[in-house]
Amino acid sequence: MTPMLFSLGSNVTPRQHLRLGLAALRQAFGRLECSPVFEAEPVGFNGTNFLNMAVKAWTDWPIEEVLAWIKEVEYAHGRPVNAKKYAPRTLDIDLLTYGERVSNSPVVMPRPDILKLAFVLWPLAELVPNEILPGSNQSYSELWQAFDKDQPLWPVPFDEHAD
């Protein structure tokens, strides 16, 4: 089984959409490990704050199948087909790593956002602090410790099973 790390985010009824995203991940991949949830201001546009988290899952699916599944789930939860990069999201699911894969095709792995966005890296540092970012020799905890923390971000309570 290949371990995968995902980033989940939402700023449109975010608690509901994170729960729906977790349910979809669990239905597709089974057991999940989840980071705490963090609230962050939007990056690249003005809007309501996002809730973000990292999730670890395992699969025997090829990466192309995982990527197609992500699109289907996002569209099923209201993401427009031609959505702008910096815009409100009902549910945003990004595949951050796929095993130890380092590649540029069919997508860049590991996802460059890991090293650019606090709302991606801090949840990873909480979820898998001692794991090494593929293609590097640094753990997520080490990367977070060295990160320029100028992006506002804070942990928030989250109950996956609340109504």
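No value in this document is a laboratory result; all are computed from the given coordinates. Not measured: the values here are computed from a predicted model. Positions of Cβ are backbone-derived with ideal geometry, glycine not excepted, and every protein chain shown enters the neighbour counts.
Points to keep in mind about this one:
- Relative exposure of SER139, SER105, SER7, judged by other C-beta atoms within 10 Å (fewest first): SER105, SER139, SER7
- 19 Å Cα-Cα reach of LYS71 towards aspartates and glutamates, excluding residues that sit fewer than 8 places from it in its own chain: ASP60, ASP92, ASP94, ASP113
- ASN52 sits among other residues whose Cβ lies under 13 Å from its own Cβ, and their net charge, with Lys and Arg +1 and Asp and Glu -1, is -4.
- If you take all other residues with their beta carbon under 15 Å from the beta carbon of SER136, and give Lys and Arg +1 and Asp and Glu -1, the sum is -1.
- Available extension along the chain between ALA68 and GLU142 is 23.5 nm, counting 0.36 nm per residue and deducting the alpha carbon span.
- Extension reserve of the GLU41-ALA162 stretch, reckoned as 0.36 nm per residue once the Cα distance is removed: 41.2 nm
- A straight line joining the Cα centroids of region 26-46 and region 95-163 runs 11 Å.
- Here the chain is scanned for trypsin sites (Lys or Arg not before Pro) in DSSP loops (not H, G, I, E, B) that have at most 13 other Cβ atoms within 10 Å, and the longest stretch holding none of them is 32-83.
- Remark: the ARG15-ASN49 segment gains 11.1 nm on full extension, using 0.36 nm per residue and subtracting the alpha carbon distance.
- Converting the Cα gyration tensor eigenvalues of region 1-99 into ellipsoid dimensions via √(5λ) gives semi-axes, longest first, of 22, 15, 12 Å.
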